[in-house]
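Heads up, the thing below is written out as structure tokens.
The values are calculated or read from the model by the stated rules, or taken from the named source; none is laboratory data. As the structure is a computational prediction, the values presented were derived from the model and not from experiment. As a convention, Cβ positions derive from the backbone with ideal geometry for all residues, glycine included, and neighbour counts pool all protein chains shown.
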Amino acid sequence: MFTGLIADRGSVSELELDEAGAKVRIATVLAAELGEGDSIAVNGVCLTATDVRDDAFTAEVMAETLRRSSLGALRAGAPVNLELPLRASDRLGGHLVQGHVDGTGTVTGLRDEGISRVLEIAVEPSLRRYLVEKGSVALDGVSLTVSALTDDGFAVSLIPETLQRTSLGEAEGGAEVNVEVDVLAKHVERLLGSQVQAPPTEGVTR
């Protein structure tokens, strides 16, 4: 479990990609806090460190993750947002982020608005239904607030701190970003969808 507060911007050292999946090596100062088998969120995707040496770690990415996320498009030198899992004693400064990416979105618009930068993101209809104005969403692992809903997705406003500390500050039009919607919205939909009224029992009168 994560909070969407990025701890470091790492850099992809190597990426081996084939039909079965991928293996990625990432350089980061957070490697000093990792052990083999530990979880770490990479651009919002929860991965397991399989090899940790010096100032880098290696993780394997299965085919399902590659289908749902933008990790397969990474190249050597690409910056990535990194976050270590939430400890029970930590402050919950963002929102509950699982690291289970629901899909990807596309940056369709950027504009400066005062000290902030507004990003407009287009997503599939299957994800739009979980988004509400002022609700939570994670983009490339960054906890953000939906500032507005649009015809094909939503908008978020990035403060200077977010622009400086995360890869979203370098996002350009057409860029692909990982999207994780609020898990609470998905649970509510599932629960309400299962509440089907049972027909009256035959022979019972009221």
- prompt: Residues in the range 113-124 that are outside any loop (DSSP other than H, G, I, E, B) and surrounded by fewer than 14 Cβ atoms within 10 Å (Cβ to Cβ): how many?
  reply: 1
message: Checking the structure you have, find out if any residue of the range 173-185 is of a type outside the set (D, E, K, R), farther than 22 Å from THR65 by Cβ and modelled with pLDDT under 95.
response: yes
query: Does ARG67 fit the bill of being outside any strand (DSSP E or B), more than 15 Å from the chain's Cα centre (by Cα) and at pLDDT below 95?
result: no
- request: Answer yes or no as to whether LEU92 is loosely packed, with under 14 Cβ neighbours inside 10 Å and over 21 Å from THR28 (Cα atoms).
  value: yes
field: Every residue from the range 35-60 that is surrounded by fewer than 18 Cβ atoms within 10 Å (Cβ to Cβ), outside any strand (DSSP E or B) and either touching an Asp or Glu at 6+ places or on another chain (Cβ under 8 Å) or at negative phi (or both)
entry: GLY35, GLU36, ASP38, ASP55
- prompt: If LEU127 satisfies every condition in (1) of a type in the set (A, V, I, L, M, F, W, C); (2) at pLDDT 95 or above; (3) within 20 Å of GLY94 (Cα to Cα); (4) not in a strand (DSSP E or B) but one, which is the exception?
  reply: (3)
query: Can VAL118 be described as closer than 21 Å to ASP38 by Cα, among the β-branched types (Val, Ile, Thr) and at pLDDT 95 or above?
result: no
